[in-house]
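Q: Shown below is the structure under consideration.
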Amino acid sequence: MGIFSLFSQSSTLYFPGCVTYFKFNENFELYKKIFNKLGINFKTINKKICCGISAYELGYEQLTRKLARRNFEIFKEEGVKSILTNSPEAYKMFLEQYPEMLPDWNIQIKNLWEIILEKLTIKARLIRHKAMEVVTYHDSCALGRGCGIYEEPRKILELIGYEIRELPDSKIESICCGSCGGLPLTNLELANKIARERILQAKRVGVKKIIVASMDNYQLLKNNEFDGIEILELSEVLGLALGINKKEPEFKEEKITAEEQLIRDIEADKKIQNEIKEEGIMEVKDWNR
């Protein structure tokens, strides 16, 4: 996927993940501003990189291994010693799958949520706006059950002023919001049904906002917002707390149906696949089975 220009001589790469970069580029820019504000050193590189989560989940082992090897070679060429990512899916891939596929893999995968928490704790003076609001937090399957990260996002939210009211199914017992495993592409109706049930749980506990730490979760839940329940991603509430607002589009996006959103998502996925295909490492036609 496209990751942009070199910002510093840091050996820590900020890897936003395909969904953040291609579908929510404003959040990509927002995360970079947050890192700069908190004093988190990072760089980005001008290479097309996909962590391979889609191929891995679809069972294309050889393709995933090719992507992993290619990415590792790029990282070495660019002097990358460690990686920061806001994508739980990419975090899990780099942390668990890459070491299994690449015997010589030696890049440190940093816990971004832990780092943000530490920076906010030390630099509490940077918090300009306390939220003073009751919300709920949805655990990403990849970040929660996949990597055991439950407390850091919650503590971040508490530091910036939120009171968290837990959903009936949370932490290790959390239910999926419907965004995992390519379900929105293979069975959009079911994915939407699951997402709406999660939103209903928030309504039942009496909150108006669900905060997530995954752009995949954000995308599906946001598409299913209803009855006054708002979906927010961690970067958005962090930006507000630090006085860094996400850049709004010049024109308000029109309301679209779930079917129209599916078409847009498929087109975005094709763009990602074509970016990789241009590098000459794979044929992507078999993805659309």
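Q: Quick one: VAL205 ticks every box in (1) at pLDDT 95 or above; (2) buried (at least 16 other Cβ atoms within 10 Å of the Cβ) except a single one, so which number is it?
A: (2)
Q: Can we say LYS130 is farther than 19 Å from TYR31 by Cβ, outside the structural domain of PHE15 (by TED's automatic domain parsing) and of a type outside the set (S, T, N, Q)?
A: So LYS130 passes the test.
Q: Can you pull out the residues in region 160-205 that are small (Gly, Ala, Ser), part of a helix (DSSP H, G or I) and under 19 Å from VAL134 (Cβ atoms)?
A: Listed by number, the list holds a single entry, ALA202.
Q: I need the full set of residues from region 13-28 which are buried (at least 18 other Cβ atoms within 10 Å of the Cβ) and not hydrophobic (A, V, I, L, M, F, W, C), in order please.
A: TYR14, PRO16, GLY17, THR20, TYR21, LYS23, ASN27
Q: Being in contact with a Lys or Arg (Cβ under 9 Å, 6 or more places away or on another chain), more than 23 Å from LEU220 (Cβ to Cβ) and not in a helix (DSSP H, G or I), is that true of even one residue in region 47-57?
A: yes
Q: Out of the residues in region 132-143 that are crowded, with 19+ Cβ neighbours inside 10 Å and out of contact with any Ser or Thr (no Cβ under 6 Å at 6 or more places or on another chain), state the one that is nearest to ASN223 (Cα to Cα).
A: HIS138
Q: Name the residue, out of ILE175, ILE210, that is crowded, with 16+ Cβ neighbours inside 10 Å and modelled with pLDDT of 95 or more.
A: ILE210
Q: So, one more: Here is a check on your reading of the model: is PRO103 free of Cβ contacts under 8 Å to residues at least 24 places away in the same chain, surrounded by 15 or more Cβ atoms within 10 Å (Cβ to Cβ), over 19 Å from ASN27 (Cα atoms) and not assigned by TED's automatic domain parsing to the domain that holds ILE172?
A: Answer is no for this residue.
Q: Under 7 Å by Cβ, and 6 or more places apart or on different chains, what pairs join a residue from region 64-90 that is outside the structural domain of GLN219 (by TED's automatic domain parsing) and part of a helix (DSSP H, G or I) with one that is charged (D, E, K, R) and crowded, with 23+ Cβ neighbours inside 10 Å?
A: Matching pairs, first to second residue: GLU89/ASP216.
Q: OK, next. Take the residues in region 206-227 that are within 23 Å of LEU238 (Cβ to Cβ) and assigned to a loop (DSSP other than H, G, I, E, B), then tell me which one is nearest to the chain's Cα centre (by Cα).
A: Only one residue tops the list, namely SER214.
Q: List every residue pair whose Cβ atoms sit under 8 Å apart, with the two residues 6 or more apart in sequence or on different chains, where the first one lies in region 48-61 and is over 13 Å from MET93 (Cβ atoms) and the second, anywhere, is modelled with pLDDT under 90 and acidic (Asp, Glu).
A: Between residues of region 48-61 that are over 13 Å from MET93 (Cβ atoms) and residues that are modelled with pLDDT under 90 and acidic (Asp, Glu), the close pairs are LYS48/GLU275; LYS48/GLU278; LYS48/GLU279; TYR60/ASP286.
Q: In region 144-160, how many residues are at pLDDT 95 or above, more than 15 Å from ILE122 (Cβ to Cβ) and basic (Lys, Arg)?
A: Counting residues in region 144-160 that are at pLDDT 95 or above, more than 15 Å from ILE122 (Cβ to Cβ) and basic (Lys, Arg) gives 1.
The values are calculated or read from the model by the stated rules, or taken from the named source; none is laboratory data. Just so you know, these numbers come straight off a predicted model, no measurement behind them. Reconstructed Cβ throughout: ideal geometry from the backbone, glycine too, with neighbour counts over all protein chains shown.
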